[in-house]
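A quick write-up on the structure given underneath.
The values are calculated or read from the model by the stated rules, or taken from the named source; none is laboratory data. Values in this document were obtained by computation on a predicted structure and should not be read as measured data. For neighbour counting, all protein chains shown are included, and Cβ atoms are generated from backbone atoms with ideal geometry for every residue, glycine included.
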Amino acid sequence: MTTHRTWLIDVKDLRLVSIRCGQCQTRVVVDVASEKAGARAGTGQIMPLECPSCRTAFDSAVKYLNRWQEVYAALKGIAGVQIEVQLPELG
Ligand SMILES: [Zn+2]
């Protein structure tokens, strides 16, 4: 039986969102706490819809990551709001 270790992470610590390009492996990291991220290309989108390196389109569902910026802004200052992560114990 696999045992799991539980981590409780404050929402305010979940400000970095990333996506890796399946084609060239470039990883794009976005800081959702940055106002500049919200102004990307004047679209209000924080996540690019294509890889900035090879221009391969990301899965269209990536657009939903843009909503994380709203969730982050709304919840980051509320004490006690945490995400619980369970990872299997190694070994
Ligand atoms: Zn790429």
Legend entry - Every pair of residues 6+ apart whose Cβ atoms lie under 8 Å, when the first sits in the stretch 43-70 and is assigned to a helix (DSSP H, G or I) and within 16 Å of the ligand (Cβ to nearest atom) while the second is modelled with pLDDT under 85 and not hydroxyl-bearing (Ser, Thr, Tyr): VAL62/MET47
Legend entry - Residue satisfying all of: in the stretch 18-47; closer than 17 Å to SER60 by Cβ and modelled with pLDDT of 90 or more; surrounded by the fewest Cβ atoms within 10 Å (Cβ to Cβ) among these: GLY22
Inset, instruction - Go through (1) in contact (Cβ under 8 Å) with a residue 60 or more places away in the chain; (2) closer than 14 Å to VAL30 by Cα one by one and return the number of the condition VAL81 breaks. - result: (2)
Legend entry - Selection within the stretch 46-72 - of a type in the set (S, T, N, Q) and more than 13 Å from the chain's Cα centre (by Cα): SER53, THR56, SER60
Inset, instruction - Could you please find all residues in the stretch 76-91 being among the aliphatic types (A, V, I, L, M) and over 15 Å from the mean Cα position of the chain (by Cα)? - result: ILE78, ALA79, VAL81, LEU87, LEU90
